[in-house]
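A quick write-up on the structure given underneath.
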């Protein structure tokens with residue numbers, strides 16, 4: 001006999017209870033849901049997170065809403081699996097994050113005084129160290145993409161005062177790293193490049209550019225992804241124009257392709 005589906009609710013608490021009820025039913029009754037483990041859900045959760053990130057960059061609020069729901073379902077699913085193993089439950093999860101937020105906002109729930117968001121961030125990092133973290137950088141996940149990780153490392157170091165004083169110094173560092181990269185290429189000009197040294201210098205250059213972006217208030221991950229999307233749009237236009245001419249891109253000259261690339265830029 002089919003279950004009666006719980007109806008939509010009008011308050012956050014009741015809507016969350018509805019999600020719990022639906023998920024618990026699926027965990028018992030659905031063969032696919034019964035089979036899932038934390039490990040099997042992990043890659044799906046990562047995929048959902050990236051889909052949410054795409055929707056945010058595309059400013060597609062309807063998709064943002066849907067992807068938030070998918071992620072919420074995953075979080076509840078993990079808690080349900082943990083409860084079955086007597087590890088913890090969704091109540092522990094929710095109370096835990098509330099307790100953490102309260103303890104790390106003593107300027108709201110205590111008598112600590114702050115003047116701006118930088119004070120808040122410094123207090124946050126200091127409190128994490130008091131809670132047992134061995135390093136300010138301990139909270140940066142090892143599996144983060146390198147560009148995002150670099151930004152987070154720099155931001156966390158800034159939270160305890162380890163930072164440049166102004167953006168002019170940061171740009172000078174960019175120029176210094178660029179020159180060191182160029183010098184490495186000049187040394188090997190006409191011979192085989194020392195790949196390891198060149199890669200190291202290039203990594204230093206990227207790290208310094210990310211640092212400069214941070215000083216300007218630019219999120220480098222968002223900036224690069226927007227450029228990726230722009231390139232894809234323009235390249236797709238180039239491909240479509242080639243098709244209308246019954247041509248293959250590999251048969252066209254760069255000069256011919258530039259015509260349609262510039263056309264895409266104008267559009």
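The values are calculated or read from the model by the stated rules, or taken from the named source; none is laboratory data. From a predicted model like this one, the values you see are computed outputs, not experimental measurements. Quick reminder, even Gly has a Cβ in these numbers, built from the backbone with ideal geometry, and neighbours come from all protein chains shown.
Couple of notes before you dig in:
- Here residue 211 clears all of (1) modelled with pLDDT under 95; (2) under 25 Å from the mean Cα position of the chain (by Cα) except the condition numbered (1).
- Some residue of the range 246-264 being closer than 30 Å to residue 148 by Cα, out of contact with any strand residue (DSSP E or B) (no Cβ under 8 Å at 6 or more places or on another chain), without any contact (Cβ under 8 Å) to a residue 40 or more places away in the chain and exposed (fewer than 12 other Cβ atoms within 10 Å of the Cβ): no
- Residue that is surrounded by 15 or more Cβ atoms within 10 Å (Cβ to Cβ), in the same structural domain as residue 42 (by TED's automatic domain parsing) and on the phi < 0 side of the Ramachandran plot, where the choices are 104, 122, 80: 80
- The criterion of at least 2 residues that are out of contact with any helix residue (DSSP H, G or I) (no Cβ under 8 Å at 6 or more places or on another chain) is met, among helices (runs of 4 or more DSSP H) falling completely within the range 58-167, by 61-84, 90-103, 117-130, 146-159.
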